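Beneath this line is the structure, given in structure tokens, with notes to follow.
The values are calculated or read from the model by the stated rules, or taken from the named source; none is laboratory data. Note that the structure is a prediction, hence the values are computed from the model and not measured. Note that we place each Cβ from the backbone using ideal geometry, even for glycine, and neighbour counts take in every protein chain shown.
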Amino acid sequence: MKFNRLIIPAVIVCAFSFSMCDYIVDPNEVATVGPVFDTTKRVALIEEWTGHTCIACPAAAADIEQLEAAYGQSFVAISIHDDFFAEPCPSPHPTPNCAIGVPGAFAEDFRCATGASYSASHVSGPQSPPQGMVNRLGMQSNTEVKGRGTWPGLVDSLVQEDACTSIHIDHQYNTSNRQLGVTVRGTWLQSYTGTINIAIMLTESGMVGWQTNGTSCDSEFVFENVLRECLNTPGDIAGTQLTTGTTPVGNVWSYTLPSAYTIPNAFDPAGCTMVAILYDTTTGEVLQAWKEEVQ
């Protein structure tokens, strides 16, 4: 299993290593139980709109990489490729001037139905990327989509706040049939009143393709955190109701995908990550998030 970048004292690392359990279920299946420790602080989630013909998006990708390095498991990113700047070239999007005449340039298409659902729910998101949401703060005033300059400050503030709930992801992935089973679980650390939905997103990293960067073209740009699907409500970011009413401190909760998800052959499981999102359906705010790699 690959680990997120996180600076931890050596003694804690030793203890943490014994809290993980990777074991063979059958010759083709590895079941992974998430860490048993509870995070008592909030995890910051950035959901950003991007696209391969967006000239400022590589700078935003670098910002996200720096936040990942700085905050480790306390930070999660999802990159949404949708609308005009994500369209493949030369049709329906004209090939950028820096790649005119180059066969296959900007032919990649990372759009998906779930990305279109993001854009339909947050209409200003794809209009001028790079733009993004940090835990969807500002939903009630329609100010949740923000420029990249605001991201670091919001992330730093959020990760210092006490969490409503702990969160973990347990999963099983069968390499022979590419089926992925997922359970998300946690314990309420504070009493909370409201209706909470859970959405489990699948992202993929490591794809290489064309990207504009200012007036130049990069034919070997590495795309990270690319949204691929919502596992529990495919094509829709709504997710599934987890709780409603008042949940008292100490309540244990869990959610399991009703059926295994088959990872398409076009996706590389080694680059795929599950992202669990808990959000308040009234305020729209993301209360907690977590990520776990498939392999």
Item to check | Search result, residues across segment 276-295 that are hydrophobic (A, V, I, L, M, F, W, C) and not in a loop (DSSP other than H, G, I, E, B) | outcome: Ala276, Ile277, Leu278, Val286, Leu287, Ala289, Trp290
Checklist entry - Would you pick out the residues in segment 75-88 that are free of Cβ contacts under 8 Å to residues at least 60 places away in the same chain and either assigned to a loop (DSSP other than H, G, I, E, B) or of a type outside the set (A, V, I, L, M, F, W, C) (or both)? => result Asp82, Asp83, Glu87, Pro88
Item to check | Test: residue in segment 212-232 that is closer than 17 Å to Ala276 by Cα and either surrounded by fewer than 16 Cβ atoms within 10 Å (Cβ to Cβ) or modelled with pLDDT under 95 (or both) | outcome: no
Checklist outcome for this item: Ser259 vs (1) in contact (Cβ under 8 Å) with a residue 24 or more places away in the chain; (2) part of a loop (DSSP other than H, G, I, E, B); (3) over 23 Å from Asn135 (Cβ atoms): all pass except (1)
Next on the checklist: Quick test of your reading of the structure: Asp162 fulfils all but one of (1) surrounded by 13 or more Cβ atoms within 10 Å (Cβ to Cβ); (2) in contact (Cβ under 8 Å) with a residue 24 or more places away in the chain; (3) in contact with a strand residue (DSSP E or B) (Cβ under 8 Å, 6 or more places away or on another chain). Name the failing condition by number.
Outcome noted: (1)
Checklist entry - Which of the strands (runs of 3 or more DSSP E) contained wholly in segment 175-232 include at least 3 residues that are touching a His at 6+ places or on another chain (Cβ under 7 Å) and touching a residue at least 12 places away in the same chain (Cβ under 8 Å)? => result 179-187, 207-213
Next on the checklist: Based on this model, can you work out whether Asp236 counts as surrounded by fewer than 17 Cβ atoms within 10 Å (Cβ to Cβ) and charged (D, E, K, R)?
Outcome noted: yes
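In segment 251-266, is there at least one residue being farther than 24 Å from Ser176 by Cα and in contact with a Gly (Cβ under 7 Å, 6 or more places away or on another chain)?
Looking through segment 251-266, at least one residue is farther than 24 Å from Ser176 by Cα and in contact with a Gly (Cβ under 7 Å, 6 or more places away or on another chain).
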Checklist entry - Exactly one of (1) over 20 Å from Gln288 (Cα atoms); (2) among the small types (Gly, Ala, Ser); (3) in contact with a strand residue (DSSP E or B) (Cβ under 6 Å, 6 or more places away or on another chain) is unmet by Gly132. Its number? => result (1)
Checklist outcome for this item: Across segment 262-295, the tally of residues that are within 18 Å of Ala238 (Cα to Cα) and without any contact (Cβ under 8 Å) to a residue 60 or more places away in the chain stands at 0
